[in-house]
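Asker: Input: one structure, supplied below.
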């Protein structure tokens, strides 16, 4: 094994244990790992931002005389006016651009991707062949309708609306339970991945090396 | 008499021969199908809702598709630069029988049942070398493994690829958007005249006062997180709107508000909003820009740093409002461990269960978007909530009605209009 | 000046937003180009803004070091790591993804920290569940039953358990097995609730977007006036 890989494994193992130590309580090992993590990940972000965006999309574009890129560059630089008390309002312009973009993209995208698509999926024949599919179709329709009624804000919850909203909560609770159960297994597998690293990549080779050292 | 007999024999022979020939032909016919039958119709049209780059060639299905489907039947498109030819076969223009029915592409042709009888192919009109749009002429051929040369249709077709300025297949999205925009505006006007509009209780939001009061009493700070997403998510903007109201109350209660950010842009906006809230509350001097800061930019380093900060600062109240991913429970459980009162709200459906289990209050989905209006009590925003409700009522009715019509369609399959509502909601 | 501070940003929000909506409905190349262009512009602005973020981070830790607050040593460590990583990535190595010290740091420091922090969820998911499911309310019970059926139903144990019960007590054969129940819960009642959430969300998101575009909601720009 090459020395820098060995060093890497030991460092990674140390960080893994330091983070797990937080489960017991906050401690110097966790604090050290946390601060190293923040420093390294932010440094990484800065470099990615520079090479992937500033270098590729700004400097390269300027090199090819695509002068239009000056506008977002100026808007980006305008963000720095935050450092000045008097001129900080200038930063509102790029912020306004981003918010306008977000709202303008979100409105039609969510109509198409959420509203239309899920309405389409819900509209199905209720009376179909067979008792089970028919019952399922009715439950689905009931669940969607009552769930929607739960989200009514300006209608007072009394009489049938109250019953429907209550049923809506019932459906929501089933979903929350099922989603929770569904997520459990995926998350456990990540833990297993970490334990695998500790045991197979760190402890086992180390023990083997110690064995070789003392056993000849 | 004898002549009669002779003619009778001849007649019998003729009939026998005919029957024999028919049987023989039929027998042969089973092994070798008749000639390939050409489509009756062949036409070229401009591709709807594209930027003038391609055209569609459409033809009626050949009857041979039924009889020779197992013989590798396919259509061949011939292209020429002038109506006189020569027509050459292009690799891209060999059309099989899979997914080429016009009814397979409702985005291009709509939902009419007669489209089952037509096939189509989209042909680019952009010259690969010059990248200019040109006009070409086309002929249709049909072939299978039993013939060496395709059988050609005489018809020569062409169409000009035109620029379309509207994606006509997105008309349903446009209609819903216009309807909602109309409702927003109408309901705002309506709310101005009816300021005492009823809005049901949203427990998580009602608890905001209690949460801030608790922090003040305990002399501990309040932590507010706007989530995992940058400002490119509407949930983040919704969260920043709620923050404005929370910050104003914090300023009034003279508590301390900490807002660690994962994004520089959200940091800028949250600083702006909190500062303004303190000014609005008449306490500009109490605003501390250093309490609204950038803590880490990567998902889990953000979690590690916020969790660390939580156990050290021990906020009395945590707000988790916005879009959240895997970090939701990592933050909420740490918050629970330090005994903070926690109010969460997210549009991330997979994270809601985690917040429901680990937090004291959880705004579910749309409630996050309603919270700002609810807190502000401003008639214009409350009117907007009414507009949202009307949209949902219309939607519920359409879903119920659509399902009833679809049920009827099972019994009357020839009544295609019964599918109209379902087809309206097709995202094409 | 008030115009530039208040109205101009609002005008920009509305104009940019409506242009994005128009480009959603039109295949016209200049509108599509504008859509892609706007997306790149947003990225460029956000990446410039990162400087402000990093400045804020450095300031927070600088204050700690300057005041010699408890644990200020960790802030020094943060500074060293940040400067080292940035120096290596920007000055020493031009091609950061081709290996070298930058990628070594990423592989052996950043990645294990990321994976370990993520894996803490495995513990938290258990502790939160244990606590929540002890609550004796009807809603919590519904959630618990749903979660249990799904967890047991989707592992081999669930099928074995169901088979065993079905064999021992014949009457129970009319009740579907745990795997079937889990599948049904996922695809019918849970799916119904999920769709209701999605439909509500869609309405909420679109209404909020429209409020922003119409200039009705301005809180995010500081103050509702």
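Asker: State all residues of region B:124-157 that are under 24 Å from residue B:72 (Cα atoms) and in a loop (DSSP other than H, G, I, E, B); if no residue qualifies, say none. Explain how you work it out, then say what you get.
Answerer: Of all residues in region B:124-157, those under 24 Å from residue B:72 (Cα atoms) come to B:138-155.
Within region B:124-157, B:144, B:145, B:146, B:147, B:148, B:149, B:150, B:153, B:154, B:155 qualify.
Asker: Collect the residues in region A:173-196 that are over 22 Å from the mean Cα position of the chain (by Cα) and crowded, with 20+ Cβ neighbours inside 10 Å, keeping them in residue-number order.
Answerer: Residues of region A:173-196 over 22 Å from the mean Cα position of the chain (by Cα): A:173-174, A:195-196.
Passing the criteria: A:173, A:174.
Asker: When residue B:376 is evaluated against the numbered criteria (1) surrounded by 21 or more Cβ atoms within 10 Å (Cβ to Cβ); (2) within 11 Å of chain C (Cβ to nearest Cβ); (3) within 34 Å of the chain's Cα centre (by Cα), which criterion, by number, is the only one it fails?
Answerer: (1) is the only condition that residue B:376 fails.
Residue-by-condition table, conditions (1) closer than 30 Å to residue A:6 by Cβ; (2) more than 7 Å from chain C (Cβ to nearest Cβ); (3) touching a helix residue (DSSP H, G or I) at 6+ places or on another chain (Cβ under 6 Å); (4) part of a helix (DSSP H, G or I):
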position: A:142; (1), (2), (3), (4): no, yes, no, yes
position: A:171; (1), (2), (3), (4): no, no, yes, yes
position: A:176; (1), (2), (3), (4): no, no, yes, yes
position: A:188; (1), (2), (3), (4): yes, no, yes, yes
position: A:197; (1), (2), (3), (4): yes, yes, no, yes
position: A:202; (1), (2), (3), (4): yes, yes, yes, yes
position: A:212; (1), (2), (3), (4): yes, yes, no, yes
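Asker: Could you tell me whether region B:309-316 includes any residue that is at the interface with chain C (Cβ under 10 Å from one of its Cβ atoms), within 14 Å of residue C:120 (Cβ to Cβ) and in contact with a helix residue (DSSP H, G or I) (Cβ under 6 Å, 6 or more places away or on another chain)?
Answerer: No, that holds for no residue.
Asker: I would also like to ask the following. Quickly run through region B:162-188 and pick out the residues that are in contact with a helix residue (DSSP H, G or I) (Cβ under 7 Å, 6 or more places away or on another chain) and not in a helix (DSSP H, G or I).
Answerer: Across region B:162-188, the qualifying residues are B:166, B:167.
Asker: Now for a separate question. Kindly provide the set of residues from region A:21-32 that are within 18 Å of residue A:195 (Cβ to Cβ) and either at the interface with chain C (Cβ under 7 Å from one of its Cβ atoms) or surrounded by fewer than 18 Cβ atoms within 10 Å (Cβ to Cβ) (or both), ordered by number.
Answerer: First, pick out the residues of region A:21-32 that are within 18 Å of residue A:195 (Cβ to Cβ): A:21-24.
Correct list: A:21, A:23, A:24.
Asker: Here's a follow-up. Out of all the residues in region B:43-58, which are more than 18 Å from residue C:25 (Cβ to Cβ) and assigned to a loop (DSSP other than H, G, I, E, B)?
Answerer: Residues satisfying the conditions do not exist here.
Asker: Can you name the residue in region C:7-53 that is touching a residue at least 12 places away in the same chain (Cβ under 8 Å) and more than 30 Å from residue B:48 (Cα to Cα) and, of all such residues, is surrounded by the fewest Cβ atoms within 10 Å (Cβ to Cβ)?
Answerer: Across region C:7-53, the extreme among qualifying residues is C:10.
Asker: Exactly one condition in (1) within 11 Å of chain C (Cβ to nearest Cβ); (2) not in a helix (DSSP H, G or I) is not met by residue B:270; state its number.
Answerer: (2)
Asker: Can you tell me which residues in region B:217-234 are surrounded by fewer than 18 Cβ atoms within 10 Å (Cβ to Cβ) and more than 18 Å from residue B:311 (Cβ to Cβ)? Steps first, answer last, please.
Answerer: Step one: list which residues in region B:217-234 are surrounded by fewer than 18 Cβ atoms within 10 Å (Cβ to Cβ), which gives B:217-219.
Listed by number, the list holds a single entry, B:217.
Asker: Kindly list the number of the only condition in (1) at pLDDT below 95; (2) more than 7 Å from every other protein chain (Cβ to nearest Cβ); (3) in a helix (DSSP H, G or I) that fails for residue A:93.
Answerer: Residue A:93 satisfies every listed condition except (2).
Asker: Hey, another quick one. Determine whether region A:123-132 contains at least one residue that is part of a helix (DSSP H, G or I), without any contact (Cβ under 8 Å) to a residue 12 or more places away in the chain and either in contact with a strand residue (DSSP E or B) (Cβ under 6 Å, 6 or more places away or on another chain) or facing chain C (nearest Cβ under 10 Å) (or both).
Answerer: Going through region A:123-132, the residues part of a helix (DSSP H, G or I) turn out to be A:131-132.
Adding the requirement that they be without any contact (Cβ under 8 Å) to a residue 12 or more places away in the chain leaves A:131-132.
In the following step, the residues that additionally are either in contact with a strand residue (DSSP E or B) (Cβ under 6 Å, 6 or more places away or on another chain) or facing chain C (nearest Cβ under 10 Å) (or both) were identified as A:132.
Scanning region A:123-132, I find at least one residue that is part of a helix (DSSP H, G or I), without any contact (Cβ under 8 Å) to a residue 12 or more places away in the chain and either in contact with a strand residue (DSSP E or B) (Cβ under 6 Å, 6 or more places away or on another chain) or facing chain C (nearest Cβ under 10 Å) (or both), so the answer is yes.
Asker: Shifting gears a bit: Checking residue B:229 against (1) more than 14 Å from chain C (Cβ to nearest Cβ); (2) modelled with pLDDT under 95; (3) touching a strand residue (DSSP E or B) at 6+ places or on another chain (Cβ under 7 Å); (4) not in a helix (DSSP H, G or I), which test does it fail?
Answerer: All conditions are met except number (1).
Asker: Please identify the pairs in which a residue from region B:269-289 that is farther than 10 Å from residue B:250 by Cβ has its Cβ atom under 7 Å from the Cβ atom of a residue that is exposed (fewer than 15 other Cβ atoms within 10 Å of the Cβ), counting only partners at least 6 apart or on another chain.
Answerer: B:271/B:289
Asker: Going by what's in this entry, would residue C:52 be described as assigned to a helix (DSSP H, G or I), facing chain A (nearest Cβ under 7 Å), touching a helix residue (DSSP H, G or I) at 6+ places or on another chain (Cβ under 7 Å) and within 30 Å of residue B:167 (Cα to Cα)?
Answerer: Details: assigned to a helix (DSSP H, G or I): yes; facing chain A (nearest Cβ under 7 Å): yes; touching a helix residue (DSSP H, G or I) at 6+ places or on another chain (Cβ under 7 Å): yes; within 30 Å of residue B:167 (Cα to Cα): no.
Judged against the criteria, residue C:52 is not a match.
The values are calculated or read from the model by the stated rules, or taken from the named source; none is laboratory data. Since we're looking at a predicted model, the values are computed, not measured. Note that we place each Cβ from the backbone using ideal geometry, even for glycine, and neighbour counts take in every protein chain shown.
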